[in-house]
Amino acid sequence: MSDPNAGKRAAARAAADLIQDGTIVGFGTGSTFQFVLERLAERMQGGLKVTGVATSRATTDAATLLGIPLRTLDEIDRLDLAIDGADEVDPQKNLIKGGGGAHVRERIVAAAAKELVVIVDESKLVPVLGKAFLLPVEVLPFGWKQTEKRVAATGCVPRLRERDGAPFVTDNGNWVLDCKYDGIDDPAWLDDHLDGLVGVVDHGLFVGMAGRVIVGDTAGKTRVLP
């Protein structure tokens, strides 16, 4: 029986093997990144010393369980590397992230790193962002209906993310609008425009932020996007 996670696992392990002894690494969030943590725990048994900066409570808990030491972003000047997954990657290596709702912290950590290494399987590669995956936009709860109107004016249909019948709350205490676009033809314009909207905290577009993108396939082999 084939392993449905073979591509994710291969990409994650390849990224984890890039980490050098004594480095400080930004830790992403999500199911793919769990494989990175597991590989790091293996390497630490062999003597690797690494310190992580987590992008979510879930990653903090998972790293702590595996005995991986953590620091906060405020305690350091610069990250040597950040590793994270993505929900979509276009040919220019622009990304949509935020299916797990940690995109704001992920963007902050990625911006603090010398390089963001992205790990995905082949299913996450798309010709145009936003045709299949909804773009998450984090908004302040106060006046969110007004913010929703401003976001909708960018050409999308926004929907408030819910969990158990109530608004989904991010680690930052905010809400998320999941926005349906008919493809995002100009990610740079949308990135800049959303950044300027009152009530928007941040969003899941990562434009020009990715360094190496490691892609794993169903056979467990990896390649790096040019």
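By how many nm would the segment from K131 to L48 lengthen if fully extended, with 0.36 nm per residue of separation less the alpha-carbon distance?
25.8 nm
To two decimal places, what compactness ratio does the range 35-77 give when its Cα radius of gyration is scaled by 2.2 N^0.38 Å?
Taking N as the residue count of the range 35-77, the ratio is 1.13.
Which percent of the accessible area of the range 1-113 is formed by carbon and sulfur heavy atoms (probe 1.4 angstrom)?
47
With contacts defined as alpha carbon pairs under 8 Å and 6 or more residues apart, what's the relative contact order of the range 47-105 in percent?
Relative contact order, the range 47-105: 27 percent.
Net charge within 9 Å of D80 by Cβ-Cβ distance, Lys/Arg positive one each and Asp/Glu negative one each, not counting D80 itself?
+1
Between the range 1-71 and the range 113-152, what's the alpha-carbon centroid distance in Å?
23
Using just the alpha carbons, could you tell me how many Å³ per residue the convex hull of the chain encloses?
135
Could you check what % of the DSSP bridge pairs in the range 1-113 are antiparallel, to the nearest 5?
15
Taking the Cα centre of the chain as the origin and placing charges on Cβ (Lys, Arg +1; Asp, Glu -1), which of S2, T72, P158 is farthest toward the positive end of the dipole?
Positive-most Cα among the choices belongs to S2.
Calculate, for the chain, the solvent-accessible area per residue in square angstrom, rolling a 1.4 angstrom probe over the heavy atoms of the protein chains.
Using a 1.4 Å probe on heavy atoms only, each residue of the chain averages 48 Å².
State, to one decimal in nm, how far the label point of D74 lies from the label point of L18, with both points 7 Å from Cα in the Cβ direction.
With each label placed 7 Å out from Cα toward Cβ, I get 2.9 nm.
Pull up the cross-link candidates among the aspartates and glutamates for K131, meaning alpha carbon to alpha carbon under 17 Å and not fewer than 8 places away within one chain.
By straight Cα distance, K131 reaches D87, E88, D90, E122, D178, D182, D185, D186, D191.
Compute the relative contact order of the chain as a whole-number percentage, counting only Cα pairs closer than 8 Å that sit 6 or more residues apart in sequence.
Value for the chain: 25 percent.
So what is the calculated 222 nm ellipticity per residue for the chain, using -39500 (n - 2.57) for each DSSP H run with n of 4 or more, over all residues, to the nearest 500 deg cm²/dmol?
-8000 deg cm²/dmol, from helical runs alone.
The values are calculated or read from the model by the stated rules, or taken from the named source; none is laboratory data. From a predicted model like this one, the values you see are computed outputs, not experimental measurements. When we count neighbours, we look across all protein chains shown, and the Cβ atoms used for this are built from the backbone with ideal geometry, even at glycine. These area figures cover heavy atoms from the full protein model, side chains too; ligands, DNA and RNA do not enter into them. Shrake-Rupley method; radii C 1.70, N 1.55, O 1.52, S 1.80 Å.
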